[in-house]
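Trainee: Shown below is the structure under consideration.
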């Protein structure tokens with residue numbers, strides 16, 4: 001098996017959403033054809049210190065159902081937001097199967113806007129924006 005990791009970045013400084021896609025070596029399938037991500041922002045966001053910021057992010061799974069395979073649960077996709085700088089990568093939160101784990105430094109300041117009610121909404125709301 002070949003394992004592909006696709007990384008999508010959004011700019012605040014840089015915030016990223018990532019997903020893993022695994023496929024058989026015999027078949028060729030472009031990961032972009034299976035999962036599409038939409039971040040409807042036209043320019044980098046520059047919030048004021050202490051302001052609230054929403055980073056919209058939506059994804060759609062284009063996997064063709066295989067009648068012989070088990071179905072994929074709606075909350076089976078892993079959502080991960082990270083703050084990426086030249087010096088380090090800091091995980092902000094990880095969501096999987098309806099559960100959201102938030103890194104200690106971001107507790108009470110971040111949450112996913114529509115998840116888990118809308119399983120394809122990975123939008124992140126950041127309160128009390130700070131310079132890091």
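Trainee: Here's a check for you: in segment 56-71, which residue that is under 21 Å from residue 38 (Cα atoms) and surrounded by fewer than 17 Cβ atoms within 10 Å (Cβ to Cβ) is modelled with the lowest pLDDT?
Mentor: Taking the candidates together, the pick is 64.
Trainee: Any chance you could count how many residues in segment 83-114 are in contact (Cβ under 8 Å) with a residue 40 or more places away in the chain, closer than 17 Å to residue 59 by Cα and within 11 Å of the chain's Cα centre (by Cα)?
Mentor: 0
Trainee: Here's a follow-up. Yes or no: residue 116 loosely packed, with under 14 Cβ neighbours inside 10 Å and out of contact with any helix residue (DSSP H, G or I) (no Cβ under 9 Å at 6 or more places or on another chain)?
Mentor: no
Trainee: If residue 129 satisfies every condition in (1) surrounded by 15 or more Cβ atoms within 10 Å (Cβ to Cβ); (2) outside any loop (DSSP other than H, G, I, E, B); (3) modelled with pLDDT under 95 but one, which is the exception?
Mentor: (2)
Trainee: Which condition number in (1) surrounded by 13 or more Cβ atoms within 10 Å (Cβ to Cβ); (2) at pLDDT 70 or above; (3) under 15 Å from the mean Cα position of the chain (by Cα) is the one that residue 53 fails?
Mentor: It fails just one condition, (3).
The values are calculated or read from the model by the stated rules, or taken from the named source; none is laboratory data. Because the structure is predicted, anything quoted here is derived from the model rather than measured. Every residue, glycine among them, receives a Cβ derived from its backbone with ideal geometry; neighbour counts consider all protein chains shown.
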